[in-house]
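In what follows, a single structure is set out as structure tokens and then discussed.
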Amino acid sequence: MYRCSIGATLVFMNAANTVGDVLCALEAARASLRMSKAELARRGHLPPETVRRLLTSKDVNPHFTMLTDLLRPAGLGLFVGKLEEPPEEARPRADLVQAWLAHLGAPLYGSTSVKADDVPGPERVIAEALPLARQDATVARALPVALQRTRTRLDFPLLRRLAKERGQGRALGFFLDLTSELSGDKDLARQARPLATELRLRKRASQFFPVRSPTERRLAELKTPPVARRWGFRMNMSAESFSSMFRKSRAVRP
């Protein structure tokens, strides 16, 4: 994992991110400094056409030294530092995360497989659930329920930090906004706002779930809820899919 600093802001990135995210941060910093691409190229000792291609093409794969040559003139840097997040190989298993979520009130199976005393704090549970929610539609539908039921005891700054460390800041922003819409709790939308800075670092929407075929891609274009589009996602899951589970969970409270 690495941290890309933009002024006083730290953007946490990991393997889930791409070099495109770094280039987006570079382009945002260049624009804020009102520096032309030609001037950035001059300061980075690179040909102008190379820099222009890096910042405009979707299919680029620059080597590390080229990136560092361009980051410094834009006031950016990559720093290696120890984070509180465990190494990827030490991440909890998917079934364990689902069991933790069930203890938070999410409509998932598995709560009896772990003791309540062994469940981490809700911020850690939700942060660990974010990557899983992008792979498992059932977890994605259940996550707003867990957020709603733990909202009064969440340390939101901690939750935002843990989500960013896992490369899931935008995903958390989406789920907070979505839960706000489903529940009517406007404070959740306010807690999502600090994460909106990540939107400005992206040029195009990305798939929330893995897409396995052109048909799934077309369905994602049709079904994506407006709140997901606002956070730069496309997904093959309608707003009704989320609201249906949310309504049922409120009708049958634990």
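The values are calculated or read from the model by the stated rules, or taken from the named source; none is laboratory data. These numbers come from a predicted model, not from an experiment. Here the Cβ is made from the backbone with ideal geometry for all residues, glycine too, and neighbour counts use every protein chain on show. Ligands, DNA and RNA are excluded from the accessible area calculation, which covers all protein heavy atoms including side chains. Shrake-Rupley method; radii C 1.70, N 1.55, O 1.52, S 1.80 Å.
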| From Leu178, Leu188, Leu159, Leu219, residue being closer than 15 Å to Met235 by Cβ, part of a helix (DSSP H, G or I), among the aliphatic types (A, V, I, L, M) and modelled with pLDDT of 95 or more | Leu178
| For Ala251, are the conditions met, namely being at pLDDT 90 or above, of a type in the set (A, V, I, L, M, F, W, C) and open to solvent by 40 Å² or more (accessible area, probe 1.4 Å)? | no
| message | Checking the structure you have, find out if any residue of the stretch 109-122 is open to solvent by less than 70 Å² (accessible area, probe 1.4 Å) and β-branched (Val, Ile, Thr). | response | yes
| request: Would you be able to say whether some residue in the stretch 198-210 is open to solvent by 40 Å² or more (accessible area, probe 1.4 Å) and within 22 Å of Ala142 (Cβ to Cβ)? | output: yes
| note | How many residues of the stretch 98-132 are in a loop (DSSP other than H, G, I, E, B) and among the hydrophobic types (A, V, I, L, M, F, W, C)? The answer is 5
| Odd one out for Lys186 among (1) open to solvent by 60 Å² or more (accessible area, probe 1.4 Å); (2) out of contact with any helix residue (DSSP H, G or I) (no Cβ under 7 Å at 6 or more places or on another chain) | (2)
| task | For Ser244, indicate whether it is open to solvent by less than 40 Å² (accessible area, probe 1.4 Å), modelled with pLDDT of 90 or more and farther than 16 Å from Arg170 by Cβ. | result | yes
| query | If you scan the stretch 222-238, which residues turn out to be within 20 Å of Pro131 (Cα to Cα), open to solvent by 20 Å² or more (accessible area, probe 1.4 Å) and in a helix (DSSP H, G or I)? | reply | Arg229, Arg230
| task | Scan the stretch 141-159 and report the pairs whose first residue is touching a residue at least 60 places away in the same chain (Cβ under 8 Å) and whose second residue is open to solvent by less than 60 Å² (accessible area, probe 1.4 Å) and of a type in the set (D, E, K, R), with Cβ atoms within less than 8 Å and a gap of 6+ or a chain change. | result | Gln148/Asp185
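Residue-wise test of (1) at pLDDT 70 or above; (2) open to solvent by less than 30 Å² (accessible area, probe 1.4 Å).
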| residue | (1), (2) |
| --- | --- |
| Tyr2 | no, no |
| Asn14 | no, yes |
| Asn17 | no, no |
| Val22 | yes, yes |
| Ala25 | yes, yes |
| Glu39 | yes, no |
